[in-house]
Amino acid sequence: MKRIIVLLGLALILSACSKPVPATPTVPPTVTVTVAPPTLNAPVSSAPAFTTLRMTDAANGWAITDNGVVRTNDGGMTWHDVTPSSVTKLGFGTTYYFLDSNHGWVVSGDPSNPSGGTLYRTQDGGATWQSNVVDFSFGNLAFVSASNGWMMASLGVAVGSNAVAIFQTTDGGQTWKQAYINDPTQPNAASTLPLGGLKDGITPVDMKNAWVGGVVYTPGEVYLYQTQDGGQTWKLQSVPIPSGYDQAQFETVGPQFLTAQDAFMPVHISTQNGVMMAIYYSHDGGMNWALTPTMIPSGGSMNFVSANDGFVWNGSEFYVTHDGAKTWTTVSPGISFGDNFAGMDFVSTEIGFVLTNDVTGTRVLYKTTDGGATWTVIGK
């Protein structure tokens with residue numbers, strides 16, 4: 001009887017094994033589709049003489065040239081002239097801000113009125129521009145949205161001092177309201193953002209909160225002022241000084257915010273032994289600042305592309321972090337930018353741009369797609 005059961009079980013197993021095996025489904029091959037960038041209805045600018053560069057993403061970017069404004073939508077390979085029709089000269093020192101691939105603002109100064117100018121604004125990538133006269137020309141322009149923006153206008157620089165007026169707009173730049181002025185020769189001048197000290201930049205995060213960075217020729221003081229009431233009053237923020245540097249001179253352009261809470265701030269420290277860069281961080285919306293562990297020798301430009309990933313150029317190589325400035329590695333660019341280095345703009349951990357300007361005035365735009373290890377000349 002046991003033999004019959006065993007044979008019956010074996011027959012069942014063999015019967016099961018003899019059933020047809022389902023065919024493996026065929027997976028269609030992956031097809032890569034290359035999408036051409038949208039056409040820019042503007043003439044191509046051949047070898048533009050860049051003075052400043054602002055890439056809003058890997059494909060789209062803006063630049064100021066000697067003669068106007070140019071745009072790219074193919075990663076910097078081609079540049080199109082989108083200069084407002086009445087502008088004939090811009091160049092170095094132009095006040096501008098580009099929020100994204102559509103929205104941009106450019107101020108053209110009035111030679112007959114140093115405290116006034118014309119603001120040009122576009123909402124369609126430079127295809128059309130609107131303009132209006134404004135009570136400022138040179139300074140720092142910053143927008144937090146297509147409608148809301150700040151302007152810190154320079155009213156003059158003397159030895160160790162810098163008079164400024166701060167304006168706000170809530171209608172995209174059509175109208176501006178003065179929120180603050182510290183020029184003692186003007187009505188309603190205030191002093192919470194002191195006349196003393198050179199102001200290097202303004203960083204707003206909304207229409208209430210903003211920071212002004214700069215330098216004051218007093219040892220051991222980081223010049224960082226914050227407003228929480230739309231620029232009407234300012235307060236010096238406490239920033240810890242690195243040990244052993246209490247007699248050094250500190251300068252900052254102010255913070256760079258990556259999220260509403262996360263920000264990094266480069267501070268250049270000058271001593272008789274040279275310049276070091278200290279990088280501070282805040283994870284509470286800029287209310288408090290702490291020092292990161294590494295001091296970068298001869299640190300210059302700083303770019304963070306996320307709350308973890310950032311780049312610093314120190315004159316010969318890139319310092320790169322992927323853990324929020326806790327640790328850094330170095331990347332040699334494979335090309336000697338040297339003293340010709342005029343600025344950088346990374347848009348991701350892989351893609352970045354460097355602008356150079358040599359003693360002859362020749363300006364070249366380079367691009368990397370491997371995080372700074374290799375560079376290619378583009379935009380010619």
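Taking the chain as a Gaussian network of alpha-carbon nodes connected by springs under 10 Å, the highest mean-square fluctuation of the residues 200, 246, 74 belongs to 246. When a/c is below 1.5 the answer is rounded, else prolate if a/b is larger than b/c, else oblate, so apply that to the stretch 255-380 with a ≥ b ≥ c taken from the square roots of the Cα gyration tensor eigenvalues. In terms of gyration-tensor shape, prolate. Accessible surface ranking for 83, 376, 356, 88, 1.4 angstrom probe, highest first: 88, 376, 83, 356. Between amide H atoms placed 1.01 Å from N, distances below 5 Å from residue 224 occur with 237, all of them 5 or more places distant or on a separate chain.
Determine, from the Cβ-Cβ distance of residue 159 and residue 88 and an R0 of 41 Å, the FRET efficiency 1/(1 + (r/R0)^6), rounded to the nearest 0.05. So, using R0 = 41 Å, E works out to roughly 0.75. Per-atom-type breakdown for the stretch 45-95 gives carbon and sulfur 49% of the accessible area (1.4 Å probe, protein chains only). Accessible area per residue was computed with a 1.4 Å probe on protein heavy atoms; residue 335 scores about 60 Å². The phi-based Karplus calculation (6.51 cos²θ - 1.76 cosθ + 1.60; θ = phi - 60°) puts the 3J(HN,Hα) values of the stretch 158-166 at 10, 4, x, 9, 8, 7, 9, 10, 10 Hz, whole numbers, x for Gly and Pro.
Across the stretch 371-376, computed HN-Hα scalar couplings (Karplus, 6.51 cos²θ - 1.76 cosθ + 1.60, θ = phi - 60°) run x, x, 6, 10, 9, 10 Hz from first to last residue, x flagging Gly and Pro.
Averaged per residue, the chain has 50 square angstrom of accessible surface, using a 1.4 angstrom probe with ligands and nucleic acids left out. Computed from backbone phi with θ = phi - 60° and the Karplus coefficients 6.51, -1.76 and 1.60, the 3J(HN,Hα) list for the stretch 92-104 is 4, x, 5, 8, 7, 7, 10, 7, 7, 6, 9, 9, x Hz; x is used for glycine and proline. The share of Cα pairs per 10 Å bin across the chain, counted from zero up to the longest distance, runs 5, 20, 28, 24, 9, 3, 3, 3, 3, 2, 1, 0 percent.
Using a 1.4 angstrom probe on the protein heavy atoms only, could you order 208, 199, 235 from most to least accessible area?
Reading off the accessible areas and sorting them downward yields 235, 208, 199.
Stokes-Einstein diffusion of the stretch 149-212 at 20 °C, 1.002 mPa s viscosity, Kirkwood radius from Cα pairs, rounded to a whole number: 175 µm²/s. Distance distribution note for the stretch 146-266: the fraction of Cα pairs above 20 angstrom is 43%. For the stretch 90-169, the alpha-carbon coordinates run over 42, 26, 21 Å along the three principal axes, in decreasing order. Solvent exposure of residue 62, expressed as accessible area, is near 0 Å², computed with a probe of 1.4 Å over the protein chains only.
Residue 198 contributes an accessible area of around 40 Å² to the protein surface, as traced by a 1.4 Å probe with all chains present.
The values are calculated or read from the model by the stated rules, or taken from the named source; none is laboratory data. Everything numeric here is computed off the predicted structure, so don't read it as measured data. As a convention, Cβ positions derive from the backbone with ideal geometry for all residues, glycine included, and neighbour counts pool all protein chains shown. Ligands, DNA and RNA are excluded from the accessible area calculation, which covers all protein heavy atoms including side chains. Shrake-Rupley method; radii C 1.70, N 1.55, O 1.52, S 1.80 Å.
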